[in-house]
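Trainee: Below is one structure. I have some questions about it.
The values are calculated or read from the model by the stated rules, or taken from the named source; none is laboratory data. Not measured: the values here are computed from a predicted model. So basically every Cβ, Gly included, is an ideal-geometry build from the backbone, and we count neighbours across all protein chains shown. For accessibility, only protein heavy atoms count, side chains too; no ligands or nucleic acids. Shrake-Rupley method; radii C 1.70, N 1.55, O 1.52, S 1.80 Å.
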Amino acid sequence: LLSLKSTQYTKAIERFDKVLMINPKHTDVYVYKGQTYLQMGDTVNAIKSFELYKSKSDNYEMIKKVSKLVEELTNTKRKATS
């Protein structure tokens, strides 16, 4: 998270991936990865990370929030390409 806060986005993604390799049950890391990708301007990978979170998490309330965010990102992306 410190890498994310200090805008070292590539390093943050690498560290989040390492956390997931060590303990794949830390599903919240997919949300952090998604947020990092958004900061990098990479909407495609952000959506992929959020979708992974939704498929692996059992936190219904957070899944609803992430689903809404994915919907907003998808709609924004569609408008930009129209």
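Trainee: On the given criteria, is Tyr53 within 13 Å of Leu4 (Cβ to Cβ), hydroxyl-bearing (Ser, Thr, Tyr) and at pLDDT 95 or above?
Mentor: No.
Trainee: Any idea how many residues of segment 15-27 are surrounded by fewer than 14 Cβ atoms within 10 Å (Cβ to Cβ) and either under 17 Å from Ile63 (Cβ atoms) or not charged (D, E, K, R) (or both)?
Mentor: Of the residues in that region, 6 qualify.
Trainee: Residues in segment 30-53: is at least one touching a helix residue (DSSP H, G or I) at 6+ places or on another chain (Cβ under 8 Å) and on the phi > 0 side of the Ramachandran plot?
Mentor: no
Trainee: So which pairs qualify, if the first residue must be in segment 61-73 and under 15 Å from Asp28 (Cα atoms), the second must be of a type in the set (Gly, Ala, Ser), the Cβ gap must be under 7 Å, and the two must be at least 6 apart or on different chains?
Mentor: Ile63/Ser57
Trainee: Also, quick follow-up: Here's a check for you: in segment 33-66, which residue that is of a type in the set (Gly, Ala, Ser) and open to solvent by 50 Å² or more (accessible area, probe 1.4 Å) is nearest to Ile13 (Cα to Cα)?
Mentor: Here the answer is Gly41.
Trainee: Can you confirm whether segment 71-78 contains a residue that is in contact with a Leu (Cβ under 9 Å, 6 or more places away or on another chain) and open to solvent by 70 Å² or more (accessible area, probe 1.4 Å)?
Mentor: Within segment 71-78, not a single residue is in contact with a Leu (Cβ under 9 Å, 6 or more places away or on another chain) and open to solvent by 70 Å² or more (accessible area, probe 1.4 Å).
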